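Participant: Just passing along the structure, written as structure tokens.
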Amino acid sequence: MRDGEWVADTGTELRGILKVMVDVGWLPGGVAVVGSGEVWENVAVGRVGVECGEAVAAPDTRYDAAELTKVMATWPLVGQAIADGLLDLDAPMAHYFPGSYPGSKVTIRQILTYTCRLSPVTWLERYVGTDQPLAEAILVEELEKPGYCVTDRGFILLGLLLERVRRQSLDQLATDLWRHMGLSATRYGPLPRSPSVAPTERRIPGAPATWGVVHDENAALMGGVAGHAGVFTTIIDLGIFARELLAWHAGEHGTAQLTGFVRQSWLPHQPVDDRFARGLAWKVTDDGLVYHNGSTGTSLFLHPSTGRYIGLLTNAIHYGRRCPGLSDLRATIRAVFTY
């Protein structure tokens, strides 16, 4: 199927699925970008959220990207730092955070492949009111058994590491990266409450929804700026980001070292199950699809061999954490790359 036909057909399919999900009350609305080469289309369905009245979801609506932060901020910044000789994938944390802790032996590669053995339970509340630096608090805890285990702690640690070696705040580092890539609306929160910002979850009945501030509780404890969550973006910017990453992978933009890092990241490093393996940060399928999801209802899918991509931004969590239909929507998106 030609690029233009694939984009048009996929956009129509996603628009129909999102409309059904909105009509049955599974999410307020959502936006998507479907692209291939120089052809792309933005899709917008439904409304922004209960708090936003009649405001409709649009390509410039900002959504809480949730764990897409890992691949939109932390992962590319780590790649840049490696290219600049500031970080080494296989150097232990002791090289950057002096001290003798159980986590001192953990490497960046292990964090990116989720084999670092850091606790899967983040719970930063336990450190509130203490004098212990967060990086030390993470490293001092006993490691889990060897094996694959998803944890946010590793990316939190990478965010702190980037600030340490660059001597700049993570949000400033990320902003500089995004502006260089051509992203104009992507940023860490907080954002003013407005109809152009999608609210996420109403955590307590009768209280206002989380709106303009990060949904992730642990990132909120860090002031909204963390290596695993905190980024807000639009579908316009997510499309630009996807195209830029594919250009990096093809060697069309960036340095040779950065291209090498992206290519290495999109190879399978850690088998997980029959659906995907883990690359460096990204999930990788047998047919070469790479993708990442966010818990608020966001996803980014890239197929380097064809140059095709799909980005999805929703606030499905606005109606509760069950997010019905979201896994089926993502499965449909994965399937369209075989057309």
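Participant: Scan (1) within 19 Å of Gly189 (Cβ to Cβ); (2) not in a strand (DSSP E or B) for the single condition Arg15 breaks and write down its number.
Facilitator: (1)
Participant: Which condition from (1) buried (at least 20 other Cβ atoms within 10 Å of the Cβ); (2) more than 17 Å from the chain's Cα centre (by Cα); (3) not polar (S, T, N, Q) is the one that Ala247 breaks?
Facilitator: That leaves (1) as the condition not met.
Participant: Of everything in the range 31-49 that's among the small types (Gly, Ala, Ser) and under 17 Å from Ala185 (Cβ atoms), which residue is surrounded by the most Cβ atoms within 10 Å (Cβ to Cβ)?
Facilitator: Ala32
Participant: Going by the conditions given, is Ala242 closer than 30 Å to Ser265 by Cα and of a type in the set (Gly, Ala, Ser)?
Facilitator: Here the answer is yes, as Ala242 does meet what is asked.
Participant: Looking only at the range 87-109, which residues are touching a residue at least 40 places away in the same chain (Cβ under 8 Å), surrounded by fewer than 20 Cβ atoms within 10 Å (Cβ to Cβ) and in a helix (DSSP H, G or I)?
Facilitator: The answer is Pro102, Arg109.
Participant: Among the residues of the range 50-59, which ones are surrounded by 16 or more Cβ atoms within 10 Å (Cβ to Cβ) and either assigned to a helix (DSSP H, G or I) or at positive phi (or both)?
Facilitator: Hits for the range 50-59 are Glu51, Cys52.
Participant: Restricting the first residue to the range 32-55 and requiring it to be more than 30 Å from Gly307 (Cβ to Cβ), which pairs with a second residue that is among the hydroxyl-bearing types (Ser, Thr, Tyr) meet a Cβ separation below 6 Å and a spacing of at least six or different chains?
Facilitator: From residues that are more than 30 Å from Gly307 (Cβ to Cβ), the pairs are Val48/Thr61.
Participant: Within the range 202-257, how many residues are basic (Lys, Arg) and in contact (Cβ under 8 Å) with a residue 40 or more places away in the chain?
Facilitator: Residues flagged as basic (Lys, Arg) and in contact (Cβ under 8 Å) with a residue 40 or more places away in the chain within the range 202-257 amount to 2.
Participant: Hey, another quick one. Do the conditions hold for Asp286, that is, is it in a loop (DSSP other than H, G, I, E, B) and closer than 22 Å to Pro304 by Cα?
Facilitator: yes
Participant: Here is a follow-up. Just one of the numbered conditions (1) within 19 Å of the chain's Cα centre (by Cα); (2) assigned to a helix (DSSP H, G or I) is not true of Val213; which one?
Facilitator: (2)
Participant: Please go through the range 110-131 and give me each residue that is assigned to a loop (DSSP other than H, G, I, E, B) and under 16 Å from Lys145 (Cα atoms), ordered by number.
Facilitator: Within the range 110-131, Thr113, Tyr114, Thr115, Cys116, Arg117, Leu118, Ser119, Pro120, Val121 qualify.
Participant: I need every pair where a residue in the range 285-300 that is on the phi > 0 side of the Ramachandran plot has its Cβ under 8 Å from the Cβ of a residue that is part of a strand (DSSP E or B) and surrounded by fewer than 24 Cβ atoms within 10 Å (Cβ to Cβ), sequence separation at least 6 or different chains.
Facilitator: Correct list of pairs: Gly288/His303.
Participant: What are the pairs, 6+ residues apart or on separate chains, where a residue within the range 179-192 that is at negative phi has its Cβ under 8 Å from a residue that is surrounded by fewer than 17 Cβ atoms within 10 Å (Cβ to Cβ) and in a loop (DSSP other than H, G, I, E, B)?
Facilitator: Ala185/Asp60
Participant: For the range 113-135, state whether one or more residues are among the β-branched types (Val, Ile, Thr) and more than 24 Å from the chain's Cα centre (by Cα).
Facilitator: Scanning the range 113-135, I find at least one residue that is among the β-branched types (Val, Ile, Thr) and more than 24 Å from the chain's Cα centre (by Cα), so the answer is yes.
Participant: Consider Arg117 against the criteria (1) touching a residue at least 40 places away in the same chain (Cβ under 8 Å); (2) crowded, with 19+ Cβ neighbours inside 10 Å: it satisfies all of them except one. Which criterion is unmet?
Facilitator: Going through the list (1) touching a residue at least 40 places away in the same chain (Cβ under 8 Å); (2) crowded, with 19+ Cβ neighbours inside 10 Å, Arg117 breaks only (1).
Participant: Based on what the data block shows, is Thr255 surrounded by 21 or more Cβ atoms within 10 Å (Cβ to Cβ), of a type in the set (Ser, Thr, Tyr) and out of contact with any Phe, Trp or Tyr (no Cβ under 7 Å at 6 or more places or on another chain)?
Facilitator: It is false that Thr255 is surrounded by 21 or more Cβ atoms within 10 Å (Cβ to Cβ), of a type in the set (Ser, Thr, Tyr) and out of contact with any Phe, Trp or Tyr (no Cβ under 7 Å at 6 or more places or on another chain).
Participant: How many residues does the range 165-203 contain that are in contact with a helix residue (DSSP H, G or I) (Cβ under 7 Å, 6 or more places away or on another chain), farther than 30 Å from Ala94 by Cβ and not in a loop (DSSP other than H, G, I, E, B)?
Facilitator: The qualifying residues number 2.
Participant: Okay, moving on. Taking the stated definitions as given, is Val231 at pLDDT 95 or above, among the β-branched types (Val, Ile, Thr) and within 26 Å of Arg153 (Cβ to Cβ)?
Facilitator: yes
Participant: Quickly run through the range 198-224 and pick out the residues that are of a type in the set (Val, Ile, Thr) and farther than 16 Å from Gly294 by Cβ.
Facilitator: The one that is of a type in the set (Val, Ile, Thr) and farther than 16 Å from Gly294 by Cβ: Ile204.
Participant: Condition first: within 17 Å of Glu67 (Cα to Cα), assigned to a helix (DSSP H, G or I) and either out of contact with any helix residue (DSSP H, G or I) (no Cβ under 8 Å at 6 or more places or on another chain) or modelled with pLDDT under 95 (or both). Now tell me which residues in the range 319-336 satisfy that.
Facilitator: Within the range 319-336, Ser327, Arg330 qualify.
The values are calculated or read from the model by the stated rules, or taken from the named source; none is laboratory data. Note that the structure is predicted; figures quoted are calculated from it, not measured. Using ideal geometry, Cβ is built from the backbone for each residue, glycine included, and neighbour counts are taken over all protein chains shown.
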